[in-house]
Amino acid sequence: MGNPATSMKFYDIFNGDADGICALHQLRLEQPRAAELVTGAKRDIALVERVTAEAGDQLTVLDVSLRSNAAAVLRALESGAQVRYFDHHAAGDIPQHPRFEAHIDTAPDVCTSLLVDRHLGGKQRLWAVVAAFGDNLVESAVRAAQPLQLDHTELARLHELGEAINYNAYGESIEDLHYHPADLYQAIAPYRDPRHFIFDEPVFEVLKQAGAEDLACAEAVSAEFATDVAALYILPDKAWSRRVNGVFGNRLAQAAPQRAHAVLVTKSDGSYAVSVRAPRNKPLGADVLCLAFATGGGRQAAAGINQLPAQDLPRFIDAFCSAYK
């Protein structure tokens, strides 16, 4: 029989957006470890089930809903694996198990990278700031950055980087993305300072330019309706729609912080992918709204529905308007 210590496997399982990538990057800068990377597009969150865990294996999971991965996590624990979980989405029941380590906080002003930052005592704070900007937690990002004494230009560049990394994660599939999230993480991994990544890697400029082009297409779309408290947009079945809907929603929220926003992307089968942003002035309720629909989930400030059938659109609009009136 082989030595169990030599056969154990390590898995880093993370959302492909800015928060998931930056959370893992912070952790591995402080706790370097070779591991199999398991990730995907933004809405590809049932990631733990991709791993067939065995006794002694160690799974680190970042920025994907425990609610969506609960059964797979329990299977991993029952197999004898250890699971360390960092997340800020609606979690459901949190396992009480000696091999399960939870760092879960669903407060609307935190993201997974800020939870990792808390765990690490702020040792890789710059990347947590990038992630918070990418997750549209602008006030939290600025607050986290205060001890770092960054000037306005540096802070603006970190904001742009967070948005660029986040933009790359949106798409119906990996084929819609400019970079596979695992490849983007590998490009970022050598850099302790995101400012060096910005200036040394062409990736940032590629994503920034592509994002600007996609955003211009989205901004040409008129709202289905817009009141003082809520607005809803429907984007066409195009790759640019699938890529930019998250950034577009964030921009709308920043421009009208008193208003809730829903951005729907038409899918090839006539259904919709839905992104909801609660008003930034009162960032609550998006998770409850989306969880009322099959394939819905998220957090209090921002949530989504992976597939809203066309016949459910009127019901969603009614629920959206009732939630934010």
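The values are calculated or read from the model by the stated rules, or taken from the named source; none is laboratory data. Since the structure is predicted, the reported quantities are computational estimates derived from the model, not experimental observations. For neighbour counting, all protein chains shown are included, and Cβ atoms are generated from backbone atoms with ideal geometry for every residue, glycine included. What goes into the accessible areas is simple: the full protein's heavy atoms, side chains included, and nothing from ligands, DNA or RNA. Shrake-Rupley method; radii C 1.70, N 1.55, O 1.52, S 1.80 Å.
So which of Leu148, Leu155 is surrounded by fewer than 24 Cβ atoms within 10 Å (Cβ to Cβ), in contact with a Leu (Cβ under 7 Å, 6 or more places away or on another chain) and not polar (S, T, N, Q)?
Leu148
Out of everything in the stretch 171-182 that is out of contact with any strand residue (DSSP E or B) (no Cβ under 9 Å at 6 or more places or on another chain) and surrounded by 15 or more Cβ atoms within 10 Å (Cβ to Cβ), what residue ends up being nearest to Val244 (Cα to Cα)? Steps first, please.
Applying the first criterion (out of contact with any strand residue (DSSP E or B) (no Cβ under 9 Å at 6 or more places or on another chain)) to the stretch 171-182 yields 171, 173-180.
Filter again for surrounded by 15 or more Cβ atoms within 10 Å (Cβ to Cβ), leaving 171, 174, 176-180.
Numbers: Gly171: 8, Ile174: 14, Asp176: 11, Leu177: 10, His178: 12, Tyr179: 14, His180: 16 Å.
Filtering first and then ranking leaves Gly171.
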Check: Hey, among the residues in the stretch 234-258 that are among the charged types (D, E, K, R) and touching a strand residue (DSSP E or B) at 6+ places or on another chain (Cβ under 6 Å), which one's farthest from Asp135 (Cα to Cα)?
Finding: Asp237
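Listed here are the residues, each with its yes/no results for (1) in contact with an Asp or Glu (Cβ under 9 Å, 6 or more places away or on another chain); (2) more than 17 Å from Asn166 (Cβ to Cβ); (3) of a type in the set (Val, Ile, Thr).
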{"position": "Leu27", "(1), (2), (3)": "yes, yes, no"}
{"position": "Glu30", "(1), (2), (3)": "no, yes, no"}
{"position": "Arg33", "(1), (2), (3)": "yes, yes, no"}
{"position": "Glu36", "(1), (2), (3)": "yes, yes, no"}
{"position": "Glu54", "(1), (2), (3)": "no, yes, no"}
{"position": "Asp57", "(1), (2), (3)": "no, yes, no"}
{"position": "Ala70", "(1), (2), (3)": "yes, yes, no"}
{"position": "Ala76", "(1), (2), (3)": "yes, yes, no"}
{"position": "His88", "(1), (2), (3)": "yes, no, no"}
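Take Val221 and tell me if it is open to solvent by 10 Å² or more (accessible area, probe 1.4 Å) and in contact (Cβ under 8 Å) with a residue 24 or more places away in the chain. Even if it seems obvious, please write down each step before you answer.
On the way: open to solvent by 10 Å² or more (accessible area, probe 1.4 Å): yes; in contact (Cβ under 8 Å) with a residue 24 or more places away in the chain: no.
No: the conditions fail for Val221.
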Item checked: Residues satisfying the stated conditions in the stretch 189-218, i.e. without any contact (Cβ under 8 Å) to a residue 12 or more places away in the chain and open to solvent by less than 80 Å² (accessible area, probe 1.4 Å) -> Tyr191, Ala212, Ala216
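Which members of the stretch 248-258 meet the condition of being farther than 14 Å from Gly304 by Cβ and of a type outside the set (Gly, Ala, Ser)?
To start, the set of residues in the stretch 248-258 that are farther than 14 Å from Gly304 by Cβ comprises 251-252, 254-258.
Within the stretch 248-258, Arg251, Leu252, Gln254, Pro257, Gln258 meet the criteria.
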Note to self: For the stretch 55-71, which positions are in contact (Cβ under 8 Å) with a residue 24 or more places away in the chain, in contact with a helix residue (DSSP H, G or I) (Cβ under 8 Å, 6 or more places away or on another chain) and open to solvent by 10 Å² or more (accessible area, probe 1.4 Å)?
What the structure shows: Ala55, Gly56
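Please find, among Asp183, Asp214, Asp109, the residue that is under 29 Å from Ala34 (Cβ atoms) and among the acidic types (Asp, Glu).
Asp183
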Next item on the list: For the stretch 11-19, indicate whether the set of residues that are surrounded by fewer than 17 Cβ atoms within 10 Å (Cβ to Cβ) and under 14 Å from Val83 (Cβ atoms) is non-empty.
Entry: no
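Out of the residues in the stretch 85-119 that are farther than 30 Å from Lys282 by Cβ and in contact with a Leu (Cβ under 7 Å, 6 or more places away or on another chain), which is most open to solvent (accessible area, probe 1.4 Å)?
The initial filter retains those residues of the stretch 85-119 that are farther than 30 Å from Lys282 by Cβ, namely 95-101.
Now restrict to residues that are in contact with a Leu (Cβ under 7 Å, 6 or more places away or on another chain): 95, 97, 99-100.
Details: Pro95: 25, His97: 61, Arg99: 83, Phe100: 23 Å².
If we take residues in the stretch 85-119 being farther than 30 Å from Lys282 by Cβ and in contact with a Leu (Cβ under 7 Å, 6 or more places away or on another chain), then Arg99 is most open to solvent (accessible area, probe 1.4 Å).
Out of everything in the stretch 129-154 that is free of Cβ contacts under 8 Å to residues at least 24 places away in the same chain and closer than 19 Å to Asp117 by Cβ, what residue ends up being farthest from the chain's Cα centre (by Cα)? Can you show your working first?
Here is the first cut: in the stretch 129-154, the ones free of Cβ contacts under 8 Å to residues at least 24 places away in the same chain are 141-143, 145-146, 148-153.
Pick out the ones that are also closer than 19 Å to Asp117 by Cβ and you get 141-143, 145-146, 148-150.
On the way: Ala141: 15, Val142: 19, Arg143: 20, Ala145: 20, Gln146: 23, Leu148: 24, Gln149: 27, Leu150: 25 Å.
Of everything passing the filter in the stretch 129-154, Gln149 is farthest from the chain's Cα centre (by Cα).
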Notebook entry, point to check: Are any residues in the stretch 262-285 more than 14 Å from Gly246 (Cβ to Cβ) and hydroxyl-bearing (Ser, Thr, Tyr), and if so, which ones?
Noted result: Thr266, Ser268, Ser271, Tyr272
Item checked: Among (1) of a type in the set (Gly, Ala, Ser); (2) surrounded by fewer than 24 Cβ atoms within 10 Å (Cβ to Cβ); (3) closer than 30 Å to Val288 by Cβ - the single one Gly134 does not satisfy -> (2)
Margin query: Condition check: under 16 Å from Leu27 (Cβ atoms) and either aromatic (Phe, Trp, Tyr) or touching a residue at least 12 places away in the same chain (Cβ under 8 Å) (or both). Does Leu120 satisfy that?
Written below: yes
